[in-house]
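The values are calculated or read from the model by the stated rules, or taken from the named source; none is laboratory data. Because the structure is predicted, anything quoted here is derived from the model rather than measured. Cβ placement follows ideal geometry from the backbone for every residue including glycine, while neighbour counts extend to all protein chains displayed. Just the protein is used for accessible areas: all its heavy atoms, side chains included, with ligands, DNA and RNA removed. Shrake-Rupley method; radii C 1.70, N 1.55, O 1.52, S 1.80 Å.
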Amino acid sequence: MESSIHPLAKKTVIYYLMTTSIMLILMMILGVLMLLNQGEMITITPIWFYKIMTAHGIGMVGIAALGGTAIMWYFLSKYIKLNPTIFLLNFTLSLIGVVLIFIAIFGFDFSDAWTFLYPLPAQSAQIYGIVGPLMFLLGVLILGIGYLIMYMYLAKRFIKEYGGLGKTLGWDYIFRGKKGYGPPAAVVASTMVIITNSTAILAGAIVIIGSIINIIYPAIRMDPMLAKHLTYAFGHIFCNATIYMAVIAVYEVLAKYTKRPWKSNKAFLIAWNASTLFTLMIYTHHLLMDFAVPTWMLIIGQVFSYANGLPVMVVTAYGALMIVYRSGIKWDFASSLLFLAMFGWVAGAIPAIIDATIVVNHVMHNTKWVPGHFHTYMGMGVIAMILGFMYYFNKTEGSIKHNRFDTFSISLYFTFFTGIVGSFLYAGSISTPRRWAEHMPEWVLSDQVGAISGIFVVLATTLITVRFFTGLKGVVNQPNSIN
Ligand code: HEM
Ligand SMILES: [Cu+2]
């Protein structure tokens, strides 16, 4: 039941990818500025450092989500008919959200980090005025609503086409012994994202509305501990969901290149079910330092953090190795980036597993170890998947071919991204705190290594983006060819 992508959806994929790639470069430049400052190679004021950090954090998470959404929508269109207006609406609301967020940061000095942890926004409202925090929170809320509408729509479509979200999670095969293979991998993965991320966004909406009310009427307060739970349920799951959307590209592209379908067998289905459940449970690893949280909750956070990524990661990595093995696959920009991205994802999980151990966490949390972990799985995982998809899109919908120049930019990207995360992990291991504008002399060297690596990553990303934009010329006016 293959259908072709709606022309408006195809155009919207282009909007998503153009925005993602340009924002990526800009946000990376902000990252380099932070490192140059921490490495004492330039001087920016602390307030500017925190403005930049806030913009970089939310901006990066935002584009990872945009890119992931483009991947999810594009491939889902192969299997079910989708209304492209919803896809465009999500893009528009995201854009409005982002504009509000950036005006809040750069126009009104909002600098409380992208995690807007209550009561920080209320406190800074007293220093810098209420406009900044209100605009920021409203921006995030609008962006979240866009996603929520999209997920609700997709859920409705899945229920109509497959008979329920239990079906799209393959329960017939897991519990009722149905033989054969479950729904397409893209549908299984999207179901997981719909369930977990809608929950996350609802949690986020509650805490954001609470914060907004508190800023306007300071007498009305939230319990800060409850607010932290809701905030991290939102932040953790929303970040996680980006990779579960982007990984669809691994399934689809490798299957196409090897001419071997990616079958959702029982192990695959069980893994995605397990991840659905675990992803909802583990955000408490962000609260391991909070002694007021009940121990059983922290233990759940810890135990399931170990278990969380693993099932899907294992079936994906194993599946990818199997599908590629002796397939005579042609390695080009898309297939190699997606293959490498999978290992970036796996590699990025290892430091997280270490950090999710309560004893280690007391030492490592709030050090640069943590950005070391998520820059690995975001930068070399999610973002690499999105870059791979950008190329695949141009190739499938347009006419570009891989050349040696592409091999060069991919190698540049991965080599120097390893430099960035290596410098972060090293800094963490010598107890460099995260989120400090100024660093002690003994930490500065690692910042400098990170900054220089970062400059080369910006260069590589720019080369890839230029290639993407030139390739787009071939896409416009081409007949649809999704399959
Ligand atoms: C050239 C590439 C990049 C550089 C140089 C860079 C640099 C940095 C630096 C220096 C920090 C602050 C570290 C600290 O706490 O001291 C940071 C934080 C962060 N970065 Fe990046 N980064 C890059 C790419 C990315 C990518 C690709 C993503 C995700 C897709 C990302 C997401 C984040 C997030 C979420 C934070 C946390 C902000 C916070 O603590 O509130 N970064 N980055
Ligand atoms: Cu987390």
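The trypsin sites (Lys or Arg not before Pro) of the stretch 314-421 that meet both conditions, a loop assignment by DSSP and at most 15 other Cβ atoms within 10 Å of the site Cβ, are Arg326, Lys330, Lys401. Heavy-atom accessible surface of Trp436, to the nearest 10 Å², is about 120 Å², with a 1.4 Å probe and all protein chains retained.
In Å², and per residue, what accessible area does the chain have when probed at 1.4 Å with the other protein chains present?
Numbers: 19080 Å² over 483 residues.
Ligands and nucleic acids excluded, the figure is 39 Å² per residue.
For the stretch 93-215, the percent of C-alpha pairs falling in each 5 Å distance bin, counted from 0 to the bin holding the largest distance, reads 2, 11, 17, 17, 12, 9, 8, 8, 7, 5, 2, 1, 0. Between the amide H of Thr367 and those of Arg434, distances stay under 5 Å, these residues lying 5 or more places away or on another chain, with hydrogens modeled in the peptide plane.
To the nearest ten degrees, helix 333-355 and the longest principal axis of the Cα atoms of the chain are 40 degrees apart. Carbon and sulfur together cover what percent of the accessible area of the chain at a 1.4 Å probe radius? Within the chain, the accessible surface is 72 percent carbon and sulfur.
The reciprocal of the average 1/r between distinct C-alpha atoms defines the Kirkwood hydrodynamic radius, which for the stretch 373-448 equals 14.6 Å.
Using a cut-off of 13 Å between alpha-carbon atoms, which aspartates and glutamates can reach Lys51, once sequence neighbours fewer than 8 places away in the same chain are excluded? Within the straight-line cut-off, Lys51 pairs with Asp109, Asp112. Global dimensions of the stretch 300-445 from alpha-carbon coordinates: Rg and Dmax equal 17.8, 53 Å.
In the chain, the alpha-carbon atoms span a convex hull of 140 Å³ per residue.
Relative to the longest principal axis of the Cα atoms of the chain, helix 84-108 runs at roughly 20 degrees.
Backbone geometry of the stretch 439-447 corresponds, through the Karplus equation with coefficients 6.51, -1.76 and 1.60 at θ = phi - 60°, to 3J(HN,Hα) couplings of 10, 5, x, 6, 9, 5, 4, 5, 5 Hz, x marking Gly and Pro.
Please state the relative contact order of the chain as a whole percent: Cα pairs under 8 Å, 6+ residues apart? Before the final figure, lay out each step's value.
On the way: 744 pairs, mean separation 88.2, N = 483.
Over the chain, the number comes to 18 percent.
Legend: translational diffusion of the stretch 341-413 by Stokes-Einstein, Rh = Kirkwood radius over C-alpha pairs, 4 °C, 1.567 mPa s; D = 93 µm²/s.
When the Cα atoms of the stretch 1-150 are aligned to their principal axes, the ranges along those axes come out at 56, 33, 20 Å in descending order.
With all pairs of separate Cα atoms included, the stretch 188-239 yields a Kirkwood hydrodynamic radius of 11.6 Å.
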